[in-house]
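Reading through the structure tokens given below for one structure.
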Amino acid sequence: MNLSPILTLIAEALKIYLPAMVANATPVFLKQGKPLDLGAKFIDGKRVLGDGKTFEGLAIGLFFGTYSGIIETLVFKNLLFIRIGLIASIGALLGDIFGSFIKRRLGLKRGDPAPILDQLDFIYGATLLLYLIGVTVTLEKFIAIQVITLILHIVTNRIAYVLKLKPVPW
Ligand code: CTP
Ligand code: MG
């Protein structure tokens, strides 16, 4: 079996989604901040977004996600990555916020697991916003990044467990 087309696909998918992944991952290190919904409740009486979505998290994700796009612009000598960095970061953060909005409507508390939605909401947000500015991702890459993200999620959680940063390996 020739692995090189698969490796190329993985590399191409990571190239496009790196800023989104950085924007999604960097707010995690924040322990608390000012909630984006300012504590407000939705018509169902539950929090609009909850305490897991903060202004500080938004700022950190936007900064580092955009920054990674600037690095890519320099590395690949392609200005398109400036736009991808900014727009995919915004999309990723909005996707994650929308994910929390859905979770609260389902009655799930902050941090309660919502498999797939938790891991992939940011991918959908980033893909949608990139599409809106004319950057279309091929179906192949769109599927590849979802598989990569789910695998990365499992691997990083295991590492965090081994390092005793998490009480459970999932
Ligand atoms: N975070 C933040 N602001 C954001 C996104 C994330 O402050 N806009 C931080 C929060 O500390 C959050 C952590 O990153 O707890 C992990 O993000 P995530 O898993 O998306 O949030 P959860 O705590 O799981 O909350 P939810 O149930 O709403 O997904
Ligand atoms: Mg979560």
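Only one residue in Ile97, Ile16, Ile60, Ile10 is in a helix (DSSP H, G or I), within 8 Å of ligand 1 (Cβ to nearest atom) and in contact (Cβ under 8 Å) with a residue 60 or more places away in the chain, so which one is that?
Ile97
Out of all the residues in region 137-144, is one or more under 23 Å from Asp51 (Cβ atoms), out of contact with any helix residue (DSSP H, G or I) (no Cβ under 7 Å at 6 or more places or on another chain) and either within 16 Å of ligand 2 (Cβ to nearest atom) or not charged (D, E, K, R) (or both)?
no
Criterion first (within 26 Å of Val147 (Cβ to Cβ), in a helix (DSSP H, G or I), away from ligand 1 (no atom under 15 Å from the Cβ) and without any contact (Cβ under 8 Å) to a residue 40 or more places away in the chain) does Ile71 satisfy it?
Yes; evaluated as a whole, the condition is true for this residue.
Do the conditions hold for Gly50, that is, is it surrounded by 16 or more Cβ atoms within 10 Å (Cβ to Cβ), assigned to a loop (DSSP other than H, G, I, E, B) and not aliphatic (A, V, I, L, M)?
Yes, satisfied.
Restricting attention to region 148-157, does a residue exist that is within 12 Å of ligand 1 (Cβ to nearest atom) and touching a helix residue (DSSP H, G or I) at 6+ places or on another chain (Cβ under 8 Å)?
yes
From Lys109, Lys141, grab the single residue that is touching a residue at least 12 places away in the same chain (Cβ under 8 Å) and more than 16 Å from Leu18 (Cβ to Cβ).
Lys109
Of (1) assigned to a helix (DSSP H, G or I); (2) within 15 Å of the chain's Cα centre (by Cα); (3) surrounded by 13 or more Cβ atoms within 10 Å (Cβ to Cβ), Ala114 satisfies all except one. Which?
So Ala114 meets the others, but not (1).
Among the residues of region 20-42, write down those that are aliphatic (A, V, I, L, M) and either surrounded by fewer than 13 Cβ atoms within 10 Å (Cβ to Cβ) or over 20 Å from Gly69 (Cβ atoms) (or both).
Val28, Leu30, Leu36, Leu38, Ala40
Every number in this text was worked out from the coordinates using simple rules, so none of it is lab data. The structure presented is a predicted model; accordingly, all values stated were derived computationally and were not measured. Note that we place each Cβ from the backbone using ideal geometry, even for glycine, and neighbour counts take in every protein chain shown.
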